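**Student:** First the structure, which I've put down as structure tokens, then a few questions once you've had a look.
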């Protein structure tokens, strides 16, 4: 089983990735983790600033990350891939998109003490950073691949997590996956 997760910052992708991997006995991979590592290597402490200032003018970074996920999808089975373009580069996956309103996602991001590459310290700053990050990624992917990460037709399931707990998101998604895999 191949599952790809996409969606807005703070929508619950990383949490869901871990829960799905544990539940189905899958390997995990997250391109966001790799991008955060790259941002630090290039001297950026904030992932949004890295995407806007560096990645936007260095498309080779996106190409490197995207080729890595494409190869991962070809060479592996039984995984959950948390990647904004996973649905595009692993087309034979169950393609899931999580969305969340900006205020709720900002609150989640600020509450997550494991996020060390986010510079925002207030709800409004986090909302602005998340919107800039999402807009930058969308523009970059449209420019590089003519793929719109906001087009719902790219996904098998699109779920708004704004008012859902992690458990509720997990239950919705596993119910959907189970119906897809029992066909």
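The values are calculated or read from the model by the stated rules, or taken from the named source; none is laboratory data. These numbers come from a predicted model, not from an experiment. Counting neighbours? That spans all protein chains shown, and the Cβs are built from the backbone with ideal geometry, glycine included.
**Student:** May I ask you to verify whether residue 149 is touching a strand residue (DSSP E or B) at 6+ places or on another chain (Cβ under 7 Å), buried (at least 16 other Cβ atoms within 10 Å of the Cβ) and outside any helix (DSSP H, G or I)? Please lay out each step first, then the result.
**Tutor:** On the way: touching a strand residue (DSSP E or B) at 6+ places or on another chain (Cβ under 7 Å): yes; buried (at least 16 other Cβ atoms within 10 Å of the Cβ): yes; outside any helix (DSSP H, G or I): yes.
Here the answer is yes, as residue 149 does meet what is asked.
**Student:** Sort out which residues of region 23-37 are at pLDDT 80 or above and farther than 13 Å from residue 4 by Cα, and write them in order of number.
**Tutor:** 23, 24, 25
**Student:** Which numbered condition trips up residue 171, out of (1) surrounded by 14 or more Cβ atoms within 10 Å (Cβ to Cβ); (2) free of Cβ contacts under 8 Å to residues at least 24 places away in the same chain?
**Tutor:** Of the numbered conditions (1) surrounded by 14 or more Cβ atoms within 10 Å (Cβ to Cβ); (2) free of Cβ contacts under 8 Å to residues at least 24 places away in the same chain, the odd one out for residue 171 is (1).
**Student:** Looking at (1) crowded, with 16+ Cβ neighbours inside 10 Å; (2) in contact with a strand residue (DSSP E or B) (Cβ under 9 Å, 6 or more places away or on another chain), can you tell me which one residue 181 breaks?
**Tutor:** Result: residue 181 passes all but (1).
**Student:** Could we say that residue 71 is out of contact with any strand residue (DSSP E or B) (no Cβ under 6 Å at 6 or more places or on another chain) and surrounded by 15 or more Cβ atoms within 10 Å (Cβ to Cβ) here?
**Tutor:** So residue 71 fails the test.
**Student:** Would you pick out the residues in region 137-146 that are in a helix (DSSP H, G or I) and more than 14 Å from the chain's Cα centre (by Cα)?
**Tutor:** The answer is 139, 140, 142, 143, 144, 145.
**Student:** Assess whether residue 106 counts as being within 29 Å of residue 22 (Cα to Cα), in contact (Cβ under 8 Å) with a residue 24 or more places away in the chain, out of contact with any strand residue (DSSP E or B) (no Cβ under 6 Å at 6 or more places or on another chain) and surrounded by 19 or more Cβ atoms within 10 Å (Cβ to Cβ).
**Tutor:** Yes: the conditions hold for residue 106.
**Student:** Also: When you check residue 143 against the structure, is it within 26 Å of residue 40 (Cβ to Cβ), touching a helix residue (DSSP H, G or I) at 6+ places or on another chain (Cβ under 6 Å) and at pLDDT below 95, yes or no?
**Tutor:** no
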